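The values are calculated or read from the model by the stated rules, or taken from the named source; none is laboratory data. Given the structure is predicted, the values throughout are model-derived calculations rather than measurements. Cβ: placed from backbone, ideal geometry, glycine included. Neighbour counts: every protein chain shown.
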Amino acid sequence: MPRRRILAGLVVLLVAVTSLSVYAQVRRPYRPGTVWTLNFIRMKPGMETAYLNYIATTWKANQEAFKREGLILSYKVLTTEGHAPSDYNIILMTEYKDLASLEANEPKADALAQKVEGDDAKQMQGYKERADIREIVGDRLAREIVLEPRP
């Protein structure tokens, strides 16, 4: 009997050590970070100033309001050269804590946009006016990868 208990104890110990080594091997030198929405826009020829004026006023006012309310972490505007007439030449980026907060805060963001920009009718009129000066080429959702292990 004592041999069986010793053997069973060794088996349990071996399983525990193997489990720990497998757990240690799963540790990765990176982790998921924040979530970004990216809007790829083509400013129409000769309309760069008009669209950038919109970005510097109405769009920025929305982003700043969202930031004050804790709905977003940050935002950026990047310009780039287009290599073809249909390429985007500006990227609007908005950073969120995570995907869950982006989705959970959607109703709050809609209500806040109505306070900053106006009701749905006014916002739709703005979309129509901007269609004359820019074209939306595409949208992406991206997750930042932090090149450090989880704390």
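Pick from 38, 71, 92, 78: which is more than 18 Å from residue 140 (Cα to Cα) and at pLDDT 95 or above?
On the way: 38 fails: more than 18 Å from residue 140 (Cα to Cα); 92 fails: more than 18 Å from residue 140 (Cα to Cα); 78 fails: more than 18 Å from residue 140 (Cα to Cα).
Residue meeting the stated conditions: 71.
Residue under question is residue 110, and the condition is that it be outside any helix (DSSP H, G or I), of a type in the set (Asp, Glu) and within 17 Å of residue 63 (Cβ to Cβ); does it hold? Please lay out each step first, then the result.
Details: outside any helix (DSSP H, G or I): no; of a type in the set (Asp, Glu): yes; within 17 Å of residue 63 (Cβ to Cβ): yes.
In short, no.
Suppose the filter is free of Cβ contacts under 8 Å to residues at least 40 places away in the same chain and touching a Gly at 6+ places or on another chain (Cβ under 9 Å); does residue 105 pass it?
Working: free of Cβ contacts under 8 Å to residues at least 40 places away in the same chain: yes; touching a Gly at 6+ places or on another chain (Cβ under 9 Å): yes.
Spelling it out, residue 105 is indeed free of Cβ contacts under 8 Å to residues at least 40 places away in the same chain and touching a Gly at 6+ places or on another chain (Cβ under 9 Å).
If residue 88 satisfies every condition in (1) under 17 Å from residue 117 (Cα atoms); (2) surrounded by 17 or more Cβ atoms within 10 Å (Cβ to Cβ) but one, which is the exception?
Of everything listed in (1) under 17 Å from residue 117 (Cα atoms); (2) surrounded by 17 or more Cβ atoms within 10 Å (Cβ to Cβ), residue 88 misses just condition (1).
Return the pair list, or none, for Cβ contacts closer than 6 Å from residues in the stretch 69-92 that are touching a residue at least 40 places away in the same chain (Cβ under 8 Å) to residues that are of a type in the set (Gly, Ala, Ser) and not in a loop (DSSP other than H, G, I, E, B), at least 6 apart or on different chains.
71/109
Somewhere in the stretch 51-60, is a residue under 21 Å from residue 125 (Cα atoms) and touching a Leu at 6+ places or on another chain (Cβ under 8 Å)? Outline the logic, then answer.
First pass over the stretch 51-60, keeping only residues under 21 Å from residue 125 (Cα atoms): 51-60.
Okay, now just the ones that are also touching a Leu at 6+ places or on another chain (Cβ under 8 Å), so 55, 59.
Yes; the residues of the stretch 51-60 include at least one that is under 21 Å from residue 125 (Cα atoms) and touching a Leu at 6+ places or on another chain (Cβ under 8 Å).
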